[in-house]
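Engineer: The following block contains the structure, expressed as structure tokens.
The values are calculated or read from the model by the stated rules, or taken from the named source; none is laboratory data. Quick caveat: nothing in here was measured; it's all calculated off a predicted structure. We place every Cβ from the backbone using ideal geometry, glycine too, and count neighbours over all the protein chains shown. Ligands, DNA and RNA are stripped out before the accessible areas are found, and what is left, the full protein with its side chains, is counted by its heavy atoms. Shrake-Rupley method; radii C 1.70, N 1.55, O 1.52, S 1.80 Å.
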Amino acid sequence: ASALGGWMLGRIGPRLRQHRVALGNLALAFPEKTEAERLSIARDMWNHLGRTLAEFAHHRGLGLYRRMRVEGAEN
């Protein structure tokens, strides 16, 4: 699930408006990095986010919800 989530969001994320926002933020945060380095960071971010979301779906089956508190889930 983790690899699939990373692959999926890695393909979808760069097409979203949020990708341009992330690149702009990376340019402000890391002006010394090349554009290629910032693109690589952004691609890795989408992969990591996709993996995290896919893994989160399995937490209920692991019984972790008894020990976790989720705030803002309604949003």
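Engineer: Restricting attention to the stretch 6-18, report how many residues are open to solvent by less than 70 Å² (accessible area, probe 1.4 Å) and within 21 Å of PHE56 (Cα to Cα).
Structural biologist: Selection size over the stretch 6-18: 4.
Engineer: Separate question: So, in the stretch 28-63, how many residues would count as being modelled with pLDDT under 95 and hydroxyl-bearing (Ser, Thr, Tyr)?
Structural biologist: 1
Engineer: Oh, and also: Give the residues of the stretch 19-40 that are closer than 22 Å to ARG51 by Cβ and surrounded by 14 or more Cβ atoms within 10 Å (Cβ to Cβ), sorted by residue number.
Structural biologist: Scanning the stretch 19-40 gives HIS19, ALA22, LEU23, LEU26, ARG38, LEU39.
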